[in-house]
């Protein structure tokens, strides 16, 4: 009986299209305006759904934020894997090609927004353990893909740097996030090009 | 006459102690909670001053934010210069010592807050040109101090890496900001130690 009452209180069965819609809007708004600046009302208004629908799908803004982080990373992961796991290309060229492609993307969008994982790391990680945990997991996955390329290049003798591949991969990822941070301030690709020049001209050699 | 009326409208002469008080509270709140999450009301309440006092000193929250950025950086610049311009220590040891000292600071404060310049770069740089310009200026000053150490070490033969000192300095600074970003997610000094290991074990050698 209690269960029935609770179900009735929750309203109609959640519509999966509404959920997708909220997620897509969420990625866009959290990426552009940030987590704190985006209210649930902003999200439901932009998704053209009533506010109650939000709570049919998500317990809270934090639960929503956590899923938006997953949705954002999983979306990018397809291309990331396609580029970094392509055995037809030497591993160092895969890595370099990945960054070159990302730089072209930022050039085309006037150096705004950057990486949502990075943004939320600075804005939210101190204040939300669930969101922080998702960020940590995704950074781990991402770093692991860099690591595989670096280890393969080291084995093939294409990189003579003998520092451990996991260490180099982590440094590479964090340095990329730092270059993106500086890009947001300089509104230029110069920090990204500096990253590539040092990473591939002095570190992964 | 018009001037008199305007002066009267502005209320009593601004109290410089109130200004300092607002700035100190501003640094703390913008650093801990972020720019968007901190309202003017939060600031005046924490500083125990009436809201009108805020506008005696600052035109807007943005004008305040810009000055808080300067106040924060100028405060840190004293130690930065003391460490990096100390001729009695070899330049590479000065750089290394600077990062080691910063890492001890973050260890002592449980890896929260990070660098306010970095935080505001991701949170505000897309939305405020005046704040972005201040961030860019301070990053430039900071990078210049790294550059001087690197150039001196290159001249002395302590660094054999022949990439230009300005490029290495910029990469170093951005990579440090990236390591701090990752620290906020991992809640560990591991990204900072990885930064030092790669920067001083593979790049600045």
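A few points about this structure:
- If you take the Cα centroid of the stretch B:83-105 and the Cα centroid of the stretch A:32-59, the two points sit 47 Å apart.
- Pairwise centroid distance, computed over Cα atoms, of the stretch A:136-155 with the stretch B:139-175, Å: 28
- Helix axis angle, A:16-32 relative to chain A longest principal axis, alpha carbon, degrees: 50
- Counts of other chain beta carbons within 10 angstrom of each beta carbon in peptide A:127-139 average 2.
- Peptides B:44-53, A:68-77, A:114-123 ordered by average Cβ neighbours within 10 Å, highest first: A:114-123, A:68-77, B:44-53
- Between the Cα long axis of helix B:61-84 and the first principal axis of chain B there is an angle of about 30°, rounded to the nearest 10.
- Compactness index (Cα Rg / 2.2 N^0.38 Å), the stretch A:131-205: 1.19
- Each of B:92, A:150, B:40 was scored by other Cβ atoms within 10 Å of its Cβ. Listed from fewest to most, they are B:40, B:92, A:150.
- Counts of other chain beta carbons within 10 angstrom of each beta carbon in peptide A:183-191 average 6.
- Each helix, a run of at least 4 DSSP H residues, gives -39500 (n - 2.57); summed and divided by the residues of the protein assembly as shown, these come to -24000 deg cm²/dmol at 222 nm.
- When peptides B:174-186, A:157-169 are ranked by their average number of other Cβ atoms within 10 Å per residue, the highest-first order is B:174-186, A:157-169.
- Per-residue mean of C-beta atoms belonging to partner chains within 10 Å, peptide B:195-202: 5
- Whether the stretch A:34-117 is rounded, prolate or oblate, judged on the alpha carbon gyration tensor where a/c under 1.5 counts as rounded: prolate
- Taking label positions 7 Å along the Cα-Cβ direction at both residue A:17 and residue A:85, the computed distance is 3.3 nm, reported to one decimal.
- With Cα atoms, 0 to 90° folded angle of helix A:91-108 axis to chain A main axis: 50
- Overall form of the protein assembly as shown per C-alpha gyration tensor (a/c, 1.5; a/b vs b/c): oblate
- Radius ratio Rg over Rh of the stretch B:61-203, counting only Cα atoms, Kirkwood formula for Rh: 0.97
Here, each number is a calculation from the coordinates, and none is a lab measurement. All values derive from a computational prediction rather than experimental measurement. Every residue, glycine among them, receives a Cβ derived from its backbone with ideal geometry; neighbour counts consider all protein chains shown.
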